[in-house]
Each structure stands twice: as C-alpha cells, then as structure tokens.
C-alpha cells in the first residue's frame with residue numbers, strides 16, 4: 001500500500017522497467033502535452049503495459065485526491081485505490097478489508113502530513129503485521145510514528161548511510177526554514193539542505209523477529 005500515492009508514480013517505478021528520467025521524458029514530450037486526459041489515459045495504459053515487469057506486485061493506493069487515483073487505476077498502475085483521509089475519519093470497511101493483505105506500506109514525503117491516526121488502523125488490520133518503508137523529511141520527527149509502530153511489534157531502523165533528495169526549495173525563505181529546522185533536530189544541513197533541496201531519511205519498520 002502506497003500512502004499519499006497521488007498518480008501512482010511509485011508504482012510506476014516499482015513495477016515497470018522505467019526510470020525517473022524515462023517518466024520525465026514521457027510526460028514532458030510534445031505528444032503528451034497535446035493529448036486530452038482521455039487520450040493520455042489510453043496512451044499511458046499501453047505505455048505501462050509495454051514496460052510491465054514480470055515480477056510486478058499488486059499495489060493499493062491511498063490518497064485524498066480522487067481524480068489522481070482514478071487516473072492511476074485506469075492506466076493500470078494501481079490495483080485498488082481509496083480516496084480517504086484517515087487523519088479525519090476512520091477507514092471504510094472496504095479499506096480495512098484491503099489492508100488485511102498488505103505486506104509493505106510505503107510513503108515518500110507524505111509523513112509531514114500524517115500521524116498515528118493514519119497508520120494505526122492499517123497496521124492493526126494487516127495479518128501479519130506489514131513492513132513500513134518511509135522517506136521522512138529531515139525537517140520533522142518520525143518518533144510519534146515509530147512509537148505507534150512499536151506498539152504493534154514493529155522495530156524501526158534508520159538508514160544512516162545516506163539521505164535522499166526530495167525536491168528543490170521554492171524560494172530562499174523555504175530554504176532558511178529547512179536549514180533551521182534540520183539544525184534544530186541535531187542533524188547537519190551542510191551539503192544537503194544548504195545546496196537547495198529538501199532531503200529525506202529512510203526509515204524501515206519490521207516485525208521484531210525479522211529485524212533481528
């Protein structure tokens with residue numbers, strides 16, 4: 001399950017022999033810009049089918065944007081999709097049912113908007129407990145979610161070998177905020193946020209026996 005999945009780009013990269021550069025070239029091409037939404041859906045469905053990996057995995061998407069989810073399902077990137085906000089409401093029965101078979105939860109950048117309210121019902125519904133892989137902006141803390149996952153027997157480890165660029169700053173004020181926020185957490189922004197990009201750290205949570 002990909003949380004904050006939007007148009008299904010993570011699923012596109014996971015399940016297809018495509019790179020980020022391939023997707024960028026595809027969607028900025030003159031042909032893509034000339035297509036209507038319906039035409040783009042047809043073109044993308046054929047595009048992703050042609051690059052589908054033989055070992056592709058089923059992906060369920062969770063996001064608040066129904067139009068983005070509708071697109072991702074239509075072109076075959078998502079097998080199921082749920083336009084629900086678990087920060088403000090309990091999950092539907094259909095989402096709880098889908099969560100039973102989750103083996104991996106991913107979130108790339110959306111943690112800043114999320115609390116244990118989103119993760120608690122998903123992890124509780126899954127049998128057995130899934131792994132969680134989260135790319136977390138260095139400007140905030142992952143501790144509340146780590147505590148939530150630990151209550152379900154999931155031990156969290158942080159990748160301390162590297163960070164991962166998220167996006168460019170929109171302006172100097174945003175960069176100043178990020179540098180100050182990262183510094184306040186005890187991390188070093190030099191060579192990362194000081195170079196003009198938000199950076200994330202990867203956290204992986206697994207059942208205690210699997211982590212051992």
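Can you give me the convex hull volume of the Cα atoms of segment 93-212, divided per residue and expressed in Å³?
109 Å³
More than 23 Å apart: what percent of Cα pairs in the chain qualify?
For the chain, the share of Cα pairs beyond 23 Å comes to 52 percent.
May I ask you to derive the relative contact order of segment 31-113, considering only C-alpha pairs under 8 Å and at least 6 residues apart, and to give it as an integer percent?
Answer for segment 31-113 is 23 percent.
Working out 0.36 nm times the residue gap between residue 141 and residue 83, then minus their Cα-Cα distance, what length gain in nm do you get to one decimal?
Extra length available between residue 141 and residue 83 comes to 18.3 nm.
Among 156, 70, 28, which comes first, second and so on when ranked by fewest other beta-carbon atoms within 10 Å?
Fewest-to-most ranking of 156, 70, 28: 28, 70, 156.
Exposure proxy check: 18, 23, 57, 62 ranked by fewest other beta carbons within 10 Å?
With the sparsest Cβ surroundings first, the list reads 57, 23, 18, 62.
Can you put 47, 113 in order of Cβ neighbours within 10 angstrom, beginning with the fewest?
Taking fewest neighbouring Cβ atoms as first place, the list is 113, 47.
Pop a pseudo-label 7 angstrom from the Cα along the beta-carbon direction at both residue 173 and residue 21 and give the gap in nm to one decimal.
According to this spin-label approximation, the distance is 3.6 nm.
Counting each DSSP H run of 4 or more residues in the chain as -39500 (n - 2.57), what helix-only mean residue ellipticity at 222 nm follows after dividing by all residues, to the nearest 500 deg cm²/dmol?
-11000 deg cm²/dmol
Over segment 93-212, calculate the relative contact order: mean separation of alpha carbon pairs under 8 Å at least 6 apart, over the residue count, as a percent.
31 percent
Which one, 164, 177, 24, has the greatest fluctuation when you compute a Gaussian network model over the chain with C-alpha springs under 10 angstrom?
Result: 24 has the largest fluctuation of those listed.
When only C-alpha pairs under 8 Å and at least 6 residues apart count, what is the relative contact order of the chain, in percent?
RCO, the chain: 19 percent.
Taken together, the values in this text are just the output of simple stated rules run on the coordinates, not laboratory data. Just so it is clear, the structure is predicted and the values come from calculations on it, not from any experiment. Cβ coordinates were reconstructed from backbone atoms using ideal geometry, including for glycine residues, and neighbour counts include every protein chain displayed.
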